[in-house]
1. Out of the residues in region 361-389 that are part of a strand (DSSP E or B) and among the polar types (S, T, N, Q), state the one that is nearest to Ile405 (Cα to Cα).
2. (1) surrounded by 19 or more Cβ atoms within 10 Å (Cβ to Cβ); (2) farther than 30 Å from Gly129 by Cβ; (3) touching an Asp or Glu at 6+ places or on another chain (Cβ under 9 Å): which one isn't true of Phe360, the others all being true?
3. Among the listed residues Asp346, Asp334, identify the single one that is of a type in the set (Asp, Glu) and within 30 Å of Pro128 (Cα to Cα).
4. For region 208-308, list the helices (runs of 4 or more DSSP H) that sit wholly inside it and hold at least 1 residues that are farther than 30 Å from Gln36 by Cα; which are they?
5. Return the only residue of Arg82, Arg71, Arg10 being surrounded by 14 or more Cβ atoms within 10 Å (Cβ to Cβ), of a type in the set (D, E, K, R) and at pLDDT below 85.
6. Can you spot a residue in region 26-37 that is at pLDDT 90 or above, closer than 30 Å to His316 by Cβ and within 22 Å of the chain's Cα centre (by Cα)?
7. Do we have any residue at all in region 345-360 that's in contact with a helix residue (DSSP H, G or I) (Cβ under 7 Å, 6 or more places away or on another chain) and part of a strand (DSSP E or B)?
8. Within the set of pairs 6+ apart or on separate chains, which have a first residue in region 430-441 that is closer than 15 Å to His273 by Cβ, a second that is outside any loop (DSSP other than H, G, I, E, B) and aliphatic (A, V, I, L, M), and C-beta atoms under 6 Å apart?
Amino acid sequence: MTETLRPADRAQTQQSLSTAAARNLATTTKSHPQMQEITSRWLLRKLPWVQVTGGTYRVNQRRSFVVGDGRIAVDYVVGDGRFAVDRSGHSARVIAGDLRELAFLRDFDDDEALVALGNLFTQEEYAPGDTIVEWGHAEDRFLVIAHGRAEQRAAGQYDEEAVVGVLADGDYFDQWGLVDERIWDFSVRAVTNCTVLALRRSDFQALADRVPALRAHLDAYVADGVNDQDGEVPINLAAGHTGEVDLPGTFVDYDDAPREYGLSVAQTVLKVHTRVADLYNQPMDQVGEQLRLTIEALRERQEHELINNPEFGLLHNADAKQRIHTRTGAPTPDDMDELLTKVWKDPDFILAHPRAIAAFGRECSKRGIYPATVDMQGHQVPSWRGIPVLPCNKIPISDTRTTSIMLMRTGEANQGVVGLHQTGIPDEYEPSLSVRFMGIDEKAIISYLVSAYYSAAVLVPDALGVLENVQIGL
């Protein structure tokens, strides 16, 4: 049986007003709605934004030699020809269409011949420390790294060997040995277990003899002179001459099909019941708070797209020559210095996932190196060689715990990376972001269309460098 205290007894056991009772008379102090998704969004803050009045931005450039993305894709198949889910115990093969990555096959349109060419590759396996090619030997094979990491080494002035590059999945060498007799001027040694796909020069030439279209294409290419140049078409100049010499004539040629970037959009429809907006609008504006958090989410998505979108995202638009691999997996000071050689003209900032920054910090600590911090808009952030290292959780981490680190130069005046937007749009709420009232439906729900317009452009290739296959550890 429950004992009920009389008022007099209760007064004897409780000597002051309880907090639960007092709360009924108190005015609650409350925060604005919070959202964990909100980040510092350094990329949006640091990119210079260019006004794109017509909705399209054209990047006019000096004419360059055509280059691809620097990689040949590989897939894995089981014995009956079906695609494999992973590479374990299965055969690797090149994606035939990707053989157009080779300069002398770039405009070759015979798909059947490319498939036949792809079938000529043989698979080779190498253990760590094995030599894949040796300096001074004839280039009798074209090689694609299907999986693994290898070091490219070259002899120095005093015959010592130095690592001059790191090769990994999809990288290839050396295409020119297929069309011209050459000697390896570097060695390649496996750092990890490597699966390599090899195409012998003799097999390539034999196929060309059997396929008239391929032979005619190669002959036309060779007739123009085997050209392994990349970069911009040269401007003929003369300097240091004396007397009355004939000066070269020249002109600056432009790309006749420049890249155009259209503004992309992130949108949503925000819905708020009129009852909420009418009765519960004090002390905080309910519509305003809903809109604030919606805009924060749109801006987070905007930054994600600027990095990851396959059309204009920075990770997908870095030039093949501007991509490098880590030497050992974890990001070391050596790797960061190598990245600086890719964007050495006025680099602005490094962008990395927080876990990649932590991995870099561990590697620095192992060497007794403690990078300085720099002030960025009132924040103390880590730096490398005086360049801010800014965190961005939009840079993806793979299932194998690898990620990328980006270094960029920014601004039109510096021929760098720029953000694209259009201000002055109808119902503009923030620059290049509009909030349009869409009406109230029969259920008394107010609708607002929230739209953000944006894109990004890399004005010249050396404005953006990417360190790939960055191992972040635990």
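The values are calculated or read from the model by the stated rules, or taken from the named source; none is laboratory data. Just so it is clear, the model here is predicted, and its values are computed rather than measured. All Cβ positions, even for glycine, are placed from backbone atoms using ideal geometry, and neighbour counts span all protein chains on display.
1. Taking the candidates together, the pick is Ser383.
2. (2)
3. Asp334
4. 212-223
5. Being surrounded by 14 or more Cβ atoms within 10 Å (Cβ to Cβ), of a type in the set (D, E, K, R) and at pLDDT below 85 holds for just one of Arg82, Arg71, Arg10, which is Arg71.
6. For region 26-37, residues at pLDDT 90 or above, closer than 30 Å to His316 by Cβ and within 22 Å of the chain's Cα centre (by Cα): present.
7. yes
8. Met438/Leu449; Ile440/Ile446
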